[in-house]
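First comes the structure, then the notes that go with it.
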Amino acid sequence: DSVAPGGRMKCRLCTKVLKKIQALAGDDPDESAVQAALKKGCRALGRTAGKQCQRLVSKYQEQISEGLQNGDMPEDICAAIGICSS
């Protein structure tokens with residue numbers, strides 16, 4: 001999937017989304033903080049990116065949530081779920 005055209009754009013979107021969510025979730029988020037941030041983060045991106053964001057979040061919610069709770073960097077989380085090439 002990451003080799004598909006638009007893979008780099010997906011990677012950028014993933015990183016952007018996770019940075020936003022990370023900022024909303026705060027420094028040491030628990031699961032509920034991450035869940036709330038996932039909802040808010042997508043809305044903050046506007047309609048088009050927001051839709052892609054929702055898809056990303058619903059598909060990889062567990063990995064994203066876990067990564068953020070572990071304090072992983074957005075780039076690392078996106079690479080771990082296969083959206084960005086590490």
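The values are calculated or read from the model by the stated rules, or taken from the named source; none is laboratory data. Nothing here was measured: the structure is a model prediction, and the numbers come from that model. Neighbour counts are summed over all protein chains in view; Cβ atoms, including those assigned to glycine, are modelled from backbone coordinates with ideal geometry. Only protein heavy atoms, including side chains, enter the accessible area calculation; ligands, DNA and RNA are left aside. Shrake-Rupley method; radii C 1.70, N 1.55, O 1.52, S 1.80 Å.
Select from region 54-69 the residues that are buried (at least 16 other Cβ atoms within 10 Å of the Cβ) and over 14 Å from residue 81 (Cβ atoms) and list them in ascending order.
Once the filter is applied, which keeps residues that are buried (at least 16 other Cβ atoms within 10 Å of the Cβ) and over 14 Å from residue 81 (Cβ atoms), region 54-69 yields only 54.
Consider region 70-86. How many of its residues are assigned to a helix (DSSP H, G or I), touching a residue at least 24 places away in the same chain (Cβ under 8 Å) and either open to solvent by 70 Å² or more (accessible area, probe 1.4 Å) or among the charged types (D, E, K, R) (or both)?
Total satisfying the criteria: 1.
Count, please, the residues in region 27-48 that happen to be under 12 Å from the mean Cα position of the chain (by Cα) and among the small types (Gly, Ala, Ser).
Selection size over region 27-48: 2.
Is there a residue in region 3-10 that is in contact with a helix residue (DSSP H, G or I) (Cβ under 7 Å, 6 or more places away or on another chain) and either in contact (Cβ under 8 Å) with a residue 24 or more places away in the chain or hydrophobic (A, V, I, L, M, F, W, C) (or both)? If you could, list the steps in order and put the result at the bottom.
Going residue by residue through region 3-10, those that are in contact with a helix residue (DSSP H, G or I) (Cβ under 7 Å, 6 or more places away or on another chain) are none.
Scanning region 3-10, I find no residue that is in contact with a helix residue (DSSP H, G or I) (Cβ under 7 Å, 6 or more places away or on another chain) and either in contact (Cβ under 8 Å) with a residue 24 or more places away in the chain or hydrophobic (A, V, I, L, M, F, W, C) (or both), so the answer is no.
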